[in-house]
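To start, the structure itself, in structure tokens.
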Amino acid sequence: MTLSPWLAPIVWDGTYNLDILNEQFHQRGVRIGLTTFVIRKYKIFIQNFLQSAEKFFMTGHKVSYYVFTDDINAIPNINLREGRSLEVLKVTGYKRWQDITMRRMQLIRDLISERVINEVDYIVCVDVDFEFRDSVGVEILSDIFGVLHSDYFEKKRQAFTYERRDISAGYIPNDEGDFYYIGGFFGGTVKEVYKLTNHCHNAMMQDKAINIEALWHDESYVNRYFLYHKPTKILSPEYTWNYFSGNPAVVKRKRVVHVPKQYSEVRD
Ligand SMILES: CC(=O)N[C@H]1[C@@H](OP(=O)(O)OP(=O)(O)OC[C@H]2O[C@@H](n3ccc(=O)[nH]c3=O)[C@H](O)[C@@H]2O)O[C@H](CO)[C@H](O)[C@@H]1O
Ligand SMILES: [Mn+2]
């Protein structure tokens, strides 16, 4: 499938010409921000994350990394290619890993409204336990985009692990939902990512006030957001492959992969 029912492109290898797209984005002098979070024990991932992004993420374009961390000293000083910069932003961590992952929405929203709006045109928000293994370029950019989850891209809606309690602000009814998107990779123009992060943060706060938390935390709220605010581009699971999902032939390029982690080692 290369087009969603609302005619948003679904980006797979072979569906675009990167040379043409690069030309278009260079003409516009586009600047791209990449946010990630390194809180508590997740510092083990950051060096590989940055080094692999230097090799494969938006090669030849202007890139600003925004790394949120509770430990500035944990961020390695790596050599960046021309036109690329790294900014480390100090934040305080939360005790529960669920709060750490969910609060990313608020921190990204505030970063956008405070300044990023003047620094970059697009912003891409990703987990730090990823490794870039192959080219991720301007073909991903659009007003607002999400990525298909490697476990669910071939499954039917009934199998999707959406939040099903109707009192939750992340609720999706059984007979609705287009795709199951991952929580760990989304992006778009700064204006649209502001809307998404603001909406998801408010939804999470609304649920917190009645003492509930959606099944898959921020990921559940992202799925709900995309149901009612359809993404303008959808990235195939090439853009975040998890080898736990196997190695199907249809996913020719695994451009971004999950770095396997021992939950007991990083999350306690
Ligand atoms: C690939 C993908 O779709 N990942 C999503 C998935 O689980 P994951 O198991 O991939 O979540 P995760 O443990 O990677 O946490 C998300 C991210 O939060 C940051 N972090 C988290 C905990 C911590 O102690 N320190 C820290 O820095 C870090 O950048 C990490 O990559 O579901 C989560 C919610 O349940 C989030 O929606 C993740 O984005
Ligand atoms: Mn992750």
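Determine, yes or no, whether I182 is modelled with pLDDT of 95 or more and either under 21 Å from N22 (Cβ atoms) or more than 16 Å from ligand 2 (Cβ to nearest atom) (or both). Criteria not met by I182. Flag set for V250, criterion: hydrophobic (A, V, I, L, M, F, W, C), surrounded by fewer than 19 Cβ atoms within 10 Å (Cβ to Cβ) and either out of contact with any Asp or Glu (no Cβ under 7 Å at 6 or more places or on another chain) or at pLDDT below 95 (or both). The residue of region 230-256 that is farthest from Y152 (Cα to Cα), among those that are assigned to a loop (DSSP other than H, G, I, E, B) and in contact with a Phe, Trp or Tyr (Cβ under 7 Å, 6 or more places away or on another chain), is T232. Take the residues in region 116-135 that are under 25 Å from K43 (Cα atoms) and more than 16 Å from ligand 2 (Cβ to nearest atom), then tell me which one is surrounded by the fewest Cβ atoms within 10 Å (Cβ to Cβ). Per the criteria, the residue is S135.
If the condition is being among the polar types (S, T, N, Q) and touching a residue at least 24 places away in the same chain (Cβ under 8 Å), then region 243-268 contributes only S245.
All conditions but one from (1) assigned to a loop (DSSP other than H, G, I, E, B); (2) on the phi > 0 side of the Ramachandran plot apply to K261; the one that does not is (2). Taking region 209-268 as the range and being among the β-branched types (V, I, T) and within 16 Å of ligand 2 (Cβ to nearest atom) as the test, the residues that pass are V222, T240, V256, V257, V259, V266.
Can you tell me how many residues within region 173-226 are part of a helix (DSSP H, G or I) and within 16 Å of ligand 1 (Cβ to nearest atom)? Steps first, please.
Taking region 173-226 and keeping what is part of a helix (DSSP H, G or I), we get 190-209, 218-226.
Now restrict to residues that are within 16 Å of ligand 1 (Cβ to nearest atom): 193, 196-197, 199-201, 203-204, 207-208, 218-226.
Qualifying residue count, region 173-226: 19.
Sub-9 Å Cβ pairs linking a first residue in region 196-221 that is farther than 23 Å from L148 by Cβ to a second residue that is of a type in the set (V, I, T) and away from ligand 2 (no atom under 16 Å from the Cβ), at least 6 apart or interchain, are N198/I112; D207/I167; I210/I167; I212/I167, ordered by first then second residue.
The values are calculated or read from the model by the stated rules, or taken from the named source; none is laboratory data. As the structure is a prediction and not an experimental result, all values here were calculated from the model. Cβ atoms come from the backbone with ideal geometry, glycine included; neighbour counts cover every protein chain shown.
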